[in-house]
Amino acid sequence: MRMLVVGSVAFDDIQTPFGVKKNVLGGAASHFSIAASTLIEPKIIAVIGSDFPEKYLKYLAKFGIDTSGIEKSSDKTFHWSGFYEHDMAVAHTRSTELGAFATFEPKLTEEDKLRQVLFMANIDPVIQYKVLKQMKNPQLVGLDSMNFWIESKKKDLWKVIKEVDILFLNDAEVRMLAGESSLIKAAKAIQKQGPDIVIVKKGEHGVMAISHNHIFVSPAYPTEKVIDPTGAGDSFAGGCMSYLVANSQPGKKISDDLLRRAVAWGSATASFAVEGFSTDGVAKATEKNVEGRVATLRKLTSF
Ligand code: AMP
């Protein structure tokens with residue numbers, strides 16, 4: 001199955017207790033696709049400005065990512081600026097400048113429309129929906145979002161969530177979206193609206209995956225080297241979705257066992273993402289490296 005990814009491709013300004021980086025490669029689709037490229041070759045649908053350097057596109061292409069769906073606009077590139085405090089658990093947004101994404105009208109090629117898998121990484125839910133509606137017969141559709149869109153475009157976000165198979169959100173976002181303080185109740189309430197699988201990301205505390213009559217909990221891989229958590233959620237989703245795509249057949253339901261293995265793969269992938277600034281960490285998530293950490297996770301959780 002071939003995957004299409006829509007989402008932000010961006011410049012990030014990041015401040016963590018370990019340093020400050022400006023104008024580094026960021027964006028949910030960038031982190032997601034590099035993480036997924038360990039197992040598959042995704043194609044990105046996005047827009048960049050005339051200020052976006054060719055070297056970043058070449059860098060993405062080096063991973064086998066198809067960048068031909070990244071449109072160039074005369075506007076500015078999406079720019080996110082944020083910082084983390086001592087515990088690095090929460091990203092604090094300083095500013096979000098949509099730039100070219102404010103007027104982006106995604107246009108898929110005929111080949112794009114026929115792809116079997118769509119992942120809508122974090123971006124305006126109106127754009128996500130426009131891409132989804134152009135797909136002819138997707139077999140697997142995943143979605144990620146964040147507090148920024150839950151607060152500003154909740155209705156549009158619900159419209160797209162209702163049509164997805166797998167939803168990825170962090171714990172605070174799940175509570176915020178459902179208006180429910182019990183995390184399990186909140187995830188189940190969202191599940192009732194459409195997604196078969198709701199994956200609740202809990203940063204260094206791991207992940208909880210809820211499908212029908214099944215809950216799986218995975219810890220995060222206990223890395224000691226946490227430099228920059230930006231993109232860890234996207235990298236988790238990229239690892240998890242790519243594992244599902246690489247190990248399932250079109251039209252076949254995702255078994256609980258496959259979901260568990262995919263979540264473990266995502267957790268191991270995300271642990272590389274936090275070990276460097278920008279996409280430097282996730283770039284080290286080779287198949288062999290991820291397999292090693294999955295084996296450690298298995299040992300850690302067996303009793
Ligand atoms: P994560 O840390 O996994 O939640 O993802 C962080 C990435 O998301 C950064 O590289 C940002 O460029 C990107 N990002 C931040 N805010 C937004 C937003 N409102 N919409 C889309 N992408 C965003």
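The values are calculated or read from the model by the stated rules, or taken from the named source; none is laboratory data. Remember, it's a predicted structure, so these values are computed and weren't measured experimentally. All Cβ positions, glycine included, derive from the backbone under ideal geometry; neighbour counts span all protein chains shown. Protein only, heavy atoms only, side chains kept; ligands, DNA and RNA dropped before computing areas. Shrake-Rupley method; radii C 1.70, N 1.55, O 1.52, S 1.80 Å.
For region 1-101, please list each of the strands (runs of 3 or more DSSP E) lying entirely inside it that holds at least 2 residues being within 13 Å of the ligand (Cβ to nearest atom). Walk me through how you get there before you give the answer.
On the way: elements: 3-6, 10-16, 19-26, 43-48, 70-72, 78-83, 92-97.
Result: 3-6, 10-16, 19-26, 43-48, 78-83, 92-97.
Could you please find all residues in region 102-125 being in a helix (DSSP H, G or I), over 22 Å from M241 (Cα atoms) and away from the ligand (no atom under 12 Å from the Cβ)? Please lay out each step first, then the result.
First, the residues of region 102-125 that are in a helix (DSSP H, G or I): 102-103, 110-113, 125.
So of that shortlist, the ones also over 22 Å from M241 (Cα atoms) come out as 102-103, 110.
T103, E110 - these are the residues of region 102-125 that are in a helix (DSSP H, G or I), over 22 Å from M241 (Cα atoms) and away from the ligand (no atom under 12 Å from the Cβ).
Taking the condition of being open to solvent by less than 10 Å² (accessible area, probe 1.4 Å), under 19 Å from the mean Cα position of the chain (by Cα) and within 15 Å of G26 (Cβ to Cβ), how many residues in region 39-64 meet it?
Step one: filter region 39-64 for residues open to solvent by less than 10 Å² (accessible area, probe 1.4 Å), giving 42, 44-49, 60.
Narrowing further to those that are under 19 Å from the mean Cα position of the chain (by Cα): 42, 44-48, 60.
Filter again for within 15 Å of G26 (Cβ to Cβ), leaving 44, 46-48, 60.
Residues in region 39-64 being open to solvent by less than 10 Å² (accessible area, probe 1.4 Å), under 19 Å from the mean Cα position of the chain (by Cα) and within 15 Å of G26 (Cβ to Cβ): 5 in total.
For region 208-222, which residues satisfy the criterion of being within 16 Å of the ligand (Cβ to nearest atom) and either more than 28 Å from G276 (Cα to Cα) or over 18 Å from the mean Cα position of the chain (by Cα) (or both)?
Within region 208-222, no residue meets the criteria.
Restricting to region 105-162, what's the tally of residues that are among the acidic types (D, E) and open to solvent by 50 Å² or more (accessible area, probe 1.4 Å)?
The total comes to 5.
I'd like to know if region 239-260 contains one or more residues that are in contact with a Cys (Cβ under 7 Å, 6 or more places away or on another chain) and under 18 Å from S30 (Cβ atoms). Spell out the reasoning first.
The first filter runs over region 239-260 and keeps only residues in contact with a Cys (Cβ under 7 Å, 6 or more places away or on another chain), leaving none.
No, there is no match, as no residue in region 239-260 is in contact with a Cys (Cβ under 7 Å, 6 or more places away or on another chain) and under 18 Å from S30 (Cβ atoms).
Just checking: which of the strands (runs of 3 or more DSSP E) contained wholly in region 150-231 hold 1 or more residues that are over 21 Å from N122 (Cα atoms)? Full working, then the answer.
Details: elements: 166-170, 197-201, 207-211, 214-218.
Those strands (runs of 3 or more DSSP E) span 207-211, 214-218.
Any residue in region 68-92 that is under 13 Å from F11 (Cβ atoms) sitting within a Cβ distance under 7 Å of a residue that is at pLDDT below 95 and among the small types (G, A, S)? List the pairs, counting only those 6 or more apart or interchain.
Close Cβ pairs satisfying both conditions: G82/A91.
Every residue in region 245-303 that is of a type in the set (K, R) and part of a loop (DSSP other than H, G, I, E, B), please.
Filtering region 245-303 down to residues of a type in the set (K, R) leaves 252-253, 260-261, 284, 288, 293, 298-299.
Hits for region 245-303 are K252, K253.
Would you tally the residues in region 200-222 being free of Cβ contacts under 8 Å to residues at least 12 places away in the same chain and crowded, with 20+ Cβ neighbours inside 10 Å?
0
Checking the conditions here, which among A28, A102 is open to solvent by 20 Å² or more (accessible area, probe 1.4 Å) and within 28 Å of Q116 (Cα to Cα)?
Values: A28 fails: open to solvent by 20 Å² or more (accessible area, probe 1.4 Å).
From the options A28, A102, the qualifying one is A102.
Taking the residues in region 231-266 that are open to solvent by 10 Å² or more (accessible area, probe 1.4 Å) and among the polar types (S, T, N, Q) as candidates, determine which candidate is farthest from the ligand (Cβ to nearest atom).
Q249
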